[in-house]
Amino acid sequence: MHIQHFAAFSRDGQGGNPAGVVLLDQFPDDEIMQRTAADLGYSETVFAARQASQWQVRYFAPTSEVPFCGHATIALGAALAEAHGNGAYPLVLHDGTAIAVEGRVQAASMSAALRSPATHSQALDAETTARVLDVFGYRIDDLDSRIPPARIHGGASHLLIALRDAEALAAMQYQFAAGRELMLEQGVATVGLVHAESAQRFLARHAFAGGGVYEDPATGAGAAALAGYLRDLSWPHGGGLEILQGQHMGVPCRIEVRLGARPGEGVQVAGEVRPHQSGKPA
């Protein structure tokens, strides 16, 4: 099994979220894919098996399979462009959802853009909101009332908490076991914490204990879900968002999102990609 290593959503040639990419003729047993992801230790590893004109894709975190992963899909786009040339590649998720990724390799630079699955959102009930705030040590008055707590979806589900102050976001901490219990109980990939620097620029952090990782440096699925939620709120996004993530981990990442006005339609999530040396920090 040949494993490629990329850092997706890098920022000015630095940082990025590492992902393993495995291109296959057919999938191995689930146990092999899970063990490979655990051994790599990245937040996700993507396995892609070619079937006629499309690629079947599956994503594994260190402790479990996940339905969709944005940064691993961006890494996959770069790998496909390197192997088969620049262009758009149809993908089919494990649940049958059809998406696509476009990869580009030009001289020393790589980039990719994906079209996410459909988005949807719903307000978070008071009891669950209180539970999230307790796990993360925040209070009601830390919240940005313009963006109420919500369950959001853009290929994977997330709990979202918007904070009024960047300082509160920088101070994020939680007990891993309590966070993992919350995420597994709620059936979400991450708990996303964001701060709106402006209408189109957000700072983000994503706790990912449910997948066996304390924090995810760049969360493309979370970016898609956030964009869909802001659209549901009639937020003045102007058709695009810039999301900065990972800087609190020393791993600067930039995610660019383009979205249309139609509620629920998939959004475009794009970013830079760079090669990543296995075993090295991003």
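The values are calculated or read from the model by the stated rules, or taken from the named source; none is laboratory data. In this text the structure is predicted, and so the values were computed from the model without any measurement. Note that we place each Cβ from the backbone using ideal geometry, even for glycine, and neighbour counts take in every protein chain shown.
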Task: Among the candidates LEU244, LEU226, residue that is farther than 25 Å from ARG131 by Cβ, out of contact with any helix residue (DSSP H, G or I) (no Cβ under 8 Å at 6 or more places or on another chain) and modelled with pLDDT of 95 or more - done: LEU244
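Given the residues GLU181, GLU242, GLU265, GLU185, which is the only one that is part of a loop (DSSP other than H, G, I, E, B) and not assigned by TED's automatic domain parsing to the domain that holds GLU102?
Values: GLU181 fails: part of a loop (DSSP other than H, G, I, E, B); GLU242 fails: part of a loop (DSSP other than H, G, I, E, B); GLU185 fails: part of a loop (DSSP other than H, G, I, E, B).
None of the other options fit; the residue is GLU265.
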Task: Count of residues meeting criterion [in a strand (DSSP E or B) and crowded, with 19+ Cβ neighbours inside 10 Å] in region 5-17 - done: 8
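How do the strands (runs of 3 or more DSSP E) wholly within region 25-139 filter down when requiring 2 or more residues that are over 23 Å from HIS2 (Cα atoms): which remain? If you could, list the steps in order and put the result at the bottom.
Details: elements: 44-51, 54-60, 87-92, 98-106, 109-115, 120-123.
By residue number, 98-106, 109-115, 120-123.
Out of the residues in region 120-147 that are in contact (Cβ under 8 Å) with a residue 40 or more places away in the chain and not polar (S, T, N, Q), state the one that is surrounded by the fewest Cβ atoms within 10 Å (Cβ to Cβ). Before you say what the answer is, go through the steps one by one.
First, the residues of region 120-147 that are in contact (Cβ under 8 Å) with a residue 40 or more places away in the chain: 120-121, 128, 131-132, 135-136, 144, 146-147.
From what is left, the residues that are not polar (S, T, N, Q) are 120, 131-132, 135-136, 144, 146-147.
Details: HIS120: 16, ARG131: 18, VAL132: 21, VAL135: 18, PHE136: 22, ASP144: 16, ARG146: 12, ILE147: 21.
Checking each candidate, the answer is ARG146.
For residues that are outside any strand (DSSP E or B) and under 17 Å from the mean Cα position of the chain (by Cα), scanning just region 245-262, find the one that is nearest to GLN200 (Cα to Cα). Talk me through it step by step, then tell me what you get.
We begin by selecting, within region 245-262, every residue outside any strand (DSSP E or B); these are 246-252, 259-262.
With under 17 Å from the mean Cα position of the chain (by Cα) added as a condition, the list becomes 246-249, 251-252, 259.
On the way: GLY246: 18, GLN247: 18, HIS248: 20, MET249: 23, VAL251: 21, PRO252: 18, LEU259: 12 Å.
Step by step, filter region 245-262, then rank; the result is LEU259.
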Open item on the list: Quick check on PRO217: is it of a type outside the set (A, V, I, L, M), within 23 Å of VAL191 (Cβ to Cβ) and either touching a strand residue (DSSP E or B) at 6+ places or on another chain (Cβ under 7 Å) or buried (at least 24 other Cβ atoms within 10 Å of the Cβ) (or both)?
Closed with: yes
Open item on the list: Going by what's in this entry, would SER145 be described as polar (S, T, N, Q), within 18 Å of the chain's Cα centre (by Cα) and outside the structural domain of GLY15 (by TED's automatic domain parsing)?
Closed with: no
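Examine region 198-205 for a residue that is assigned to a strand (DSSP E or B), surrounded by fewer than 16 Cβ atoms within 10 Å (Cβ to Cβ) and either modelled with pLDDT of 95 or more or outside the structural domain of GLY41 (by TED's automatic domain parsing) (or both), and state whether such a residue exists. If you could, list the steps in order and put the result at the bottom.
Restricting attention to region 198-205, the residues satisfying the condition of being assigned to a strand (DSSP E or B) are 201-205.
Next, only the ones that are surrounded by fewer than 16 Cβ atoms within 10 Å (Cβ to Cβ) stay: 201.
Going one step further and asking which of them are either modelled with pLDDT of 95 or more or outside the structural domain of GLY41 (by TED's automatic domain parsing) (or both), we end up with 201.
Looking for residues that are assigned to a strand (DSSP E or B), surrounded by fewer than 16 Cβ atoms within 10 Å (Cβ to Cβ) and either modelled with pLDDT of 95 or more or outside the structural domain of GLY41 (by TED's automatic domain parsing) (or both), one finds at least one in region 198-205, hence yes.
Being touching a Phe, Trp or Tyr at 6+ places or on another chain (Cβ under 6 Å) and within 14 Å of PRO62 (Cβ to Cβ) is the filter here; which residues of region 215-225 pass it?
Let us first name the residues in region 215-225 that are touching a Phe, Trp or Tyr at 6+ places or on another chain (Cβ under 6 Å), namely 216, 218, 221.
If the condition is that a residue be touching a Phe, Trp or Tyr at 6+ places or on another chain (Cβ under 6 Å) and within 14 Å of PRO62 (Cβ to Cβ), then ASP216 is the only one that fits.
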